[in-house]
Amino acid sequence: MNEPSVLDLLFSTSDLAALAPEIWLAAAGTFLLLFEAFLPRLRNSVPFLALGAVGVAAWLVAQPATANAAFSGLVRGDLLTVGWSELLLFATALALLSSHGFLRRERIPSGEYEALFLWCAAGLLLLVRSSELLTLFLALELLSLCLYALAAFNRNVPWSTEAALKYFLMGAFVSAFVLYGIALVYGQTETTTFAGIAGRIATGVDSPALLIFGFLLLIAGFAFKMSMVPFHAWAPDVYQGAPSPFVAFLSVAPKAASAFVLASFLVLLDGSVVADRWPSLVALLAVASMAVGNLFALVQRDIKRMLAYSGIAHMGYAVIPLAALGDGTEHWRPLFVYLVAYVLMNAGAFAIVSVLYRRVGEQHSIADLGGWGYRFPLLGICLTICLLSLAGIPPTAGFFGKYLVFLHAIGHGQLWLALVGIAAALVGVAYYLRVIYVLYMKPEQAEPEVTPRWSGNLAAIVAAAGSLALGIWPEHLLAWIDTAVASLAR
């Protein structure tokens, strides 16, 4: 009889199969580094190899072997997680597509940039698939380290370095908060698995105050990643200084993954002896984010800073369903649909900004867009659609996402929260329409210094077309999310 190997004792083949997307992305990133180093003449093909790697990862995520729990339940594999993973990979692909022309224009070598993106994607997938706190923390650190490096990637621009330094310093504090929160939760529950924590909370803990403080630290950490008030101060400066195609990724993918983790934490606490005040806390975060985000965006003259503050407001809308969880599964439908819409419209807006603005890291003045809707008709139409979707104007995805979010709040006795959200959305309409007004109603203030490349145009078309398609034909996405949520209840 053959003796089992050390690897067989550590994990099984089914475990490796379940982690195939993350393993593939990590290996593909390493390969791209070596490919660029040994075949520098072919470095122009690296972005397309990276896109192909993301496509393979999306295919692996959809395989039945991936949709299973692995490593004794430490990694989840339910249908909802699969859908969230596909959304994160789509955001990665969109950002890589918009990066191609940017890298060529700025003469930034390919290889390291795409490798960091693939490692970010691996961290994101592991983040949403983790069902254990230490695995969650390792995924968060893998993601964060790559994000810090990408924020500073354009080394010739001092604003990029400044943005990365601010992001790194605040991110380091947040990592400490998360780790300390994990220690407190473990100290009270004697386990780090989500299932074990839920069971221990249901039976009672010795010091509920310490458990509450631990979860407060965890929620604060992921609220930082979502740039929610009062953890939002880093976002405008980082968005302005970092490379715009990377911001198209930073502004959506980590937020979508963090929203999933935040919802998972609240589900753990729902119905327990320490659950009474969590809905009020989430409602407070939502109201503060909607108010601060929209009011500060209203006075911005830089389009990247405006989109940064509007992103803060959109995370306020997104977490409204988490203020009333219902039966523990009803919140997933509006949350997922809203985040799909947000990925399309916000990543699309930043992708177009990366094409239109040549001066990296400096002011991206809204006034400079005067008349560019006629000079660049395709990009002007795509930016208009993305902005209308961000404003929640029908028949776009943004309108449908807001409709589901507010409907959920009203159906669960949170009419006041829905009314606050509607009022905040009306404020947001003003600054989105101001950009469209400048695009088409103002004379040219500056001569464009760029020639849009096909990759940037394609990213804009995909985002704008997706925003319209989801707003007009949402039934297929709704049917899928209903199936995924129903599988959780079984």
- Message: Among the listed residues 139, 115, 122, identify the single one that is surrounded by 22 or more Cβ atoms within 10 Å (Cβ to Cβ) and either in contact with an Asp or Glu (Cβ under 8 Å, 6 or more places away or on another chain) or assigned to a loop (DSSP other than H, G, I, E, B) (or both).
- Response: 122
- Taking the stretch 144-161 and the residues there that are in contact with a Phe, Trp or Tyr (Cβ under 8 Å, 6 or more places away or on another chain) and in a helix (DSSP H, G or I), the one that is surrounded by the fewest Cβ atoms within 10 Å (Cβ to Cβ) would be 148
- Message: I'd like to know if the stretch 262-280 contains one or more residues that are within 30 Å of residue 97 (Cα to Cα) and part of a loop (DSSP other than H, G, I, E, B).
- Response: no
- Output the residues belonging to the stretch 406-426 that are hydrophobic (A, V, I, L, M, F, W, C) and crowded, with 17+ Cβ neighbours inside 10 Å. 406, 409, 417, 418, 420, 424, 425
- Query: Do we find that residue 292 is assigned to a helix (DSSP H, G or I) and in contact with a Leu (Cβ under 9 Å, 6 or more places away or on another chain) in this structure?
  - Reply: no
- Residue identified as assigned to a loop (DSSP other than H, G, I, E, B), in contact (Cβ under 8 Å) with a residue 60 or more places away in the chain and not acidic (Asp, Glu) among 73, 83, 77: 73
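I'd like to check something: does the stretch 7-16 contain any residue that is over 21 Å from the mean Cα position of the chain (by Cα), at pLDDT 85 or above and of a type in the set (A, V, I, L, M, F, W, C)?
So far as the stretch 7-16 goes, no, none of its residues is over 21 Å from the mean Cα position of the chain (by Cα), at pLDDT 85 or above and of a type in the set (A, V, I, L, M, F, W, C).
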- Quick one: in the stretch 196-229, which of the residues that are under 26 Å from the mean Cα position of the chain (by Cα) and not in a helix (DSSP H, G or I) is surrounded by the most Cβ atoms within 10 Å (Cβ to Cβ)? 228
- Of (1) under 30 Å from residue 102 (Cα atoms); (2) free of Cβ contacts under 8 Å to residues at least 24 places away in the same chain, residue 403 satisfies every one except (1)
- Cβ-Cβ below 8 Å, separation at least six or inter-chain, first residue in the stretch 30-58 and farther than 17 Å from residue 104 by Cβ, second polar (S, T, N, Q) and at pLDDT 85 or above: which pairs? 54/92
- Task: Would you be able to tell me the number of residues in the stretch 442-472 that are at pLDDT below 90, not small (Gly, Ala, Ser) and not in a loop (DSSP other than H, G, I, E, B)?
- Result: 2
- Note on the structure: Here the residues within the stretch 231-261 that are assigned to a loop (DSSP other than H, G, I, E, B), at pLDDT below 90 and either out of contact with any Asp or Glu (no Cβ under 9 Å at 6 or more places or on another chain) or of a type in the set (D, E, K, R) (or both) are 231, 232, 233, 242
- Message: On the basis of being of a type in the set (Gly, Ala, Ser), within 20 Å of the chain's Cα centre (by Cα) and either more than 27 Å from residue 315 (Cα to Cα) or part of a helix (DSSP H, G or I) (or both), does residue 176 make the cut?
- Response: no
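The values are calculated or read from the model by the stated rules, or taken from the named source; none is laboratory data. Bear in mind the structure is a predicted one, so any value in this text is a computation, not a measurement. We place every Cβ from the backbone using ideal geometry, glycine too, and count neighbours over all the protein chains shown.
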